[in-house]
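Written below as structure tokens is the structure these notes are about.
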Amino acid sequence: MKRPLRRSFAVLVFVALVGAASLSAAVRRAVAPAPARAPPPPPLDPARLNATLLRLAAIDPSEAPLRRDVDELLEGRLPASAARARSSWRRGDRLVHPLHLHHHRFPLPRRGRYPDEDHDTLLHPLPRHEQQLHIDPALRRALRSWHRLRRYDPAVLAGLPSLLSLPGRIPSCAVVGNSGILLRAHHGALIDSHDAVFRLNNARIAGYAAHVGSKTNFSFINSNILHLCARRPGCFCHPYGHGVPILLYICQAAHFLDVAACNATSSSRHGSPISVTDARLDVLCARIVKYYSLRRFVAETGRAAEEWDRAHDAAMFHYSSGMQAIMVAVGVCDKVSVFGFGKSSDAKHHYHSNQKAELDLHDYEAEYAFYHDLAEHPQVVPFLKDAGFAVPPVVFYH
């Protein structure tokens, strides 16, 4: 009977010793000073931070691939980027324009989307990659000139009236965005009261006139819209009518072929051709939006501005169509009113469609910060203050 008792007593002693050792270690950890943490980096001097943002905003990582695309087009080859997108135009046709066109009077869609009753529509054949592109000499000159102008020159803003062949500045302009918040108010009559109305990306107006107005003087689109249109039967080069000028900024060099195709239609030859925005304006817009995106990134994350590239697809990052439309209006109008810019959780993304969200290549919050400065403190907008002219009054209707 003594052996089991001795074993039990030994176990109890062992457990007590282990517990005491654990308690002693826990007490030592509790009273021991915490390891020293590295102090946070001192905040960057505002002037130095701004200089860094300006320097980084001037870097364009898309320039090298764009240069390759332009060179391939000039050599008569379909750029790899366009081939991956299953381009809409046919290769190997020796025409004045590089697209095979079907000149046909197309009836107005039943839903009454567009005001004009006849349009020129594009066929949408798939490319044959083994064939050579035959680029019209006029298109070659346009492509070379456009790429040669891709440089920083903020003075382009003051020269926009002459570049767009306007007789002078326009007294008042309305830029109408596509946000669903437009449906909350009846601004249609106010919009139409302006001397000129800019609309974006072929947004529908039929059925929405009370909210968005019915007048259109300028249609502003990005080249992706035209390119996708060319791939769909029954899509028209001039959805608002032959007399409404279209301003288009180029997203891919290969989209010059879509522009040339539309400009070769009878409606463009006898009406208003599609005009490509001056590449200097593209560079100015890109720098402004990237600056505000960099500034927002640093403020919200506390990380170095040089890390911005890791959080964005830098080569694909781009300003929105609406931002550049506002910049064009600032350059050609004496007073600018802006409608339909902004988001709300209880409003549709686009008032005329069921699209849920926008592409990640835009930073809308950064653009909203730019719009605030443009309306309230235009003198602080970087790069814009180098344009050499007074920014006209800009009012945003929310």
Worksheet entry | Single unsatisfied condition, residue 275 versus (1) small (Gly, Ala, Ser); (2) more than 22 Å from the chain's Cα centre (by Cα); (3) surrounded by fewer than 21 Cβ atoms within 10 Å (Cβ to Cβ) | (2)
Item to complete: Those residues that are touching a residue at least 60 places away in the same chain (Cβ under 8 Å), assigned to a helix (DSSP H, G or I) and surrounded by 19 or more Cβ atoms within 10 Å (Cβ to Cβ), I need them from region 306-330; list them, please.
Response: 308, 321, 322, 324, 325, 326, 327, 328, 329, 330
Worksheet item: Of the residues in region 201-235, how many are among the hydrophobic types (A, V, I, L, M, F, W, C), open to solvent by less than 10 Å² (accessible area, probe 1.4 Å) and touching a strand residue (DSSP E or B) at 6+ places or on another chain (Cβ under 6 Å)?
Response: 4
Worksheet item: What number of residues in region 167-194 are closer than 27 Å to residue 349 by Cβ, small (Gly, Ala, Ser) and open to solvent by less than 40 Å² (accessible area, probe 1.4 Å)?
Response: 6
Practice prompt. Return yes or no: is residue 299 free of Cβ contacts under 8 Å to residues at least 12 places away in the same chain and either in a helix (DSSP H, G or I) or not β-branched (Val, Ile, Thr) (or both)?
Written response: yes
Item to complete: Please indicate, with yes or no, whether at least one residue in region 333-342 is in a loop (DSSP other than H, G, I, E, B) and without any contact (Cβ under 8 Å) to a residue 60 or more places away in the chain.
Response: no
Worksheet entry | Matching residues, region 161-196, being within 20 Å of the chain's Cα centre (by Cα) and in a strand (DSSP E or B) | 174, 175, 176, 179
Worksheet item: Which residues, counting only those in region 327-357, are under 18 Å from residue 172 (Cα atoms) and among the aliphatic types (A, V, I, L, M)?
Response: 327, 328, 329, 330, 332, 336, 338
Fill in: Residues that are at pLDDT below 80, open to solvent by 70 Å² or more (accessible area, probe 1.4 Å) and not in a loop (DSSP other than H, G, I, E, B), drawn from region 348-365
none
Discussion item. From the list 149, 164, 160, exactly one residue is buried (at least 19 other Cβ atoms within 10 Å of the Cβ) and at pLDDT 90 or above. Which is it?
Written reply: 160
Practice prompt. Restricting attention to region 366-391, report how many residues are open to solvent by 20 Å² or more (accessible area, probe 1.4 Å), within 16 Å of residue 152 (Cα to Cα) and either of a type in the set (A, V, I, L, M) or free of Cβ contacts under 8 Å to residues at least 40 places away in the same chain (or both).
Written response: 1
Fill in: Scan of region 332-347 for residues that are open to solvent by less than 10 Å² (accessible area, probe 1.4 Å), more than 18 Å from the chain's Cα centre (by Cα) and closer than 20 Å to residue 188 by Cβ, ordered by number
333, 336, 337
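The values are calculated or read from the model by the stated rules, or taken from the named source; none is laboratory data. None of these values were measured; they are calculated from a predicted model. For neighbour counting, all protein chains shown are included, and Cβ atoms are generated from backbone atoms with ideal geometry for every residue, glycine included. For the accessible areas, the whole protein counts, side chains as well, though only heavy atoms, and no ligand, DNA or RNA atoms are used. Shrake-Rupley method; radii C 1.70, N 1.55, O 1.52, S 1.80 Å.
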